[in-house]
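Report on the structure given below.
The values are calculated or read from the model by the stated rules, or taken from the named source; none is laboratory data. Predicted model only: the values in this text are computed from it and were never measured. With ideal geometry, Cβ positions are generated from the backbone for all residues, glycine too; neighbour counts draw on all protein chains shown. All accessible areas refer to the heavy atoms of the entire protein, side chains included, with ligands and DNA or RNA removed. Shrake-Rupley method; radii C 1.70, N 1.55, O 1.52, S 1.80 Å.
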Amino acid sequence: MATPTSPFTDRAIVRGQLYATPDRLNDRTNALRRAKISGPNAAVTLATLAAETLPTARRIIDIGCGQGTSTLHLARQYPAAAVCAVDLSPALLGVVRQRVPECEQIAGDFHHLPIASASIDLAVAAFCLYHSPHPRRALADIARCLHRDGRLIVATKSADSYRTIDILMSRSGLDPEASRRASLYQTFHSANAGVVAITAALRVLRRVDEVHTFRFADLEHLAQYAATNPNYHLGPELTADPARLAAALRERLPDTTATTTSTVTYLVLERP
Ligand SMILES: C[S@@+](CC[C@H](N)C(=O)[O-])C[C@H]1O[C@@H](n2cnc3c(N)ncnc32)[C@H](O)[C@@H]1O
């Protein structure tokens, strides 16, 4: 089967435009956080699942840690453990160093982690495996790092996350194909994550699905989110300037609120 193409699995885009600096991630997180009207805090759910699964973990890795939000919650949940943050982006690891100075930071790729085999009690890989064109391979390498009784918790989103915004972007005419394009999360999402884990020789111990709802107050707020979405073909003059994107949207759409959802799926996995 041909590997699906998406900006989320394009190595140059992942290393560059998406995560070379914290800027886009901050803008996206802020726009979504402001819009969120229901759904639990994902980092809290992860830390709670971890504590329920393996309360005595001593060596923990947070893979694809981003700016360390989950790392921070894990470090608080396990004050006696050695928590290590792993990410491809040196810039984001720099943010983690500031936020969670007590944890080690390792630059590495989750397809071939620079971590000894069978050395980890608990691994977390949240909202990052959809950046892999081959998430089964990434899961297999993470599993290699786990102790025999170790656990892995993964988190991902539904393929239809933020779908109503794709439809609005199409309707605006600024990106007519937006609603027809494949999901950013196509390689690893709520509906295929369990199967991918099984094909990586992992066993699913537990699954949790949580629906998050977002309401964008107006087109300005919507533009702040849309400018950070690499699936939209808007041109640099609009993505670099959310105020200009908002003005372009206002010319084409009625300025109302927009509501959308994303289902977040957590799997607790073990080596058979
Ligand atoms: C959306 S952020 C996830 C942030 C964090 N896990 C959280 O829950 O807030 C995705 C992260 O995956 C990292 N990433 C993407 N591809 C990777 C790879 N091949 N190996 C390691 N990290 C990768 C990116 O650099 C980015 O920091």
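General observations
- If you go through region 49-92 and keep only what is without any contact (Cβ under 8 Å) to a residue 12 or more places away in the chain and in a helix (DSSP H, G or I), you end up with just GLU52.
- Hits in region 48-103 - residues which are near the ligand (Cβ under 9 Å from one of its atoms), of a type in the set (Val, Ile, Thr) and farther than 17 Å from LEU146 by Cα: THR69, THR71
- Yes/no for THR29 being closer than 24 Å to TYR185 by Cα and either assigned to a helix (DSSP H, G or I) or away from the ligand (no atom under 11 Å from the Cβ) (or both): yes
- Summed over region 113-138, the residues that are under 13 Å from ALA200 (Cα atoms), in a loop (DSSP other than H, G, I, E, B) and in contact with a helix residue (DSSP H, G or I) (Cβ under 8 Å, 6 or more places away or on another chain) give a count of 0.
- A residue that is closer than 24 Å to GLY194 by Cβ and crowded, with 21+ Cβ neighbours inside 10 Å occurs somewhere in region 209-232.
- Residue, most open to solvent (accessible area, probe 1.4 Å), within region 32-47, restricted to residues that are of a type in the set (Val, Ile, Thr) and within 13 Å of the ligand (Cβ to nearest atom): VAL44
- Only one of the numbered conditions (1) farther than 21 Å from LEU25 by Cα; (2) open to solvent by less than 20 Å² (accessible area, probe 1.4 Å) is violated by PRO79, and that is (2).
- Scope region 172-195; condition out of contact with any Lys or Arg (no Cβ under 8 Å at 6 or more places or on another chain), open to solvent by 40 Å² or more (accessible area, probe 1.4 Å) and not aliphatic (A, V, I, L, M); matching residues: PRO176, GLU177, ARG180, ARG181, GLN186
- For region 107-129, the tally of residues that are of a type in the set (D, E, K, R), within 11 Å of the ligand (Cβ to nearest atom) and over 17 Å from the mean Cα position of the chain (by Cα) stands at 0.
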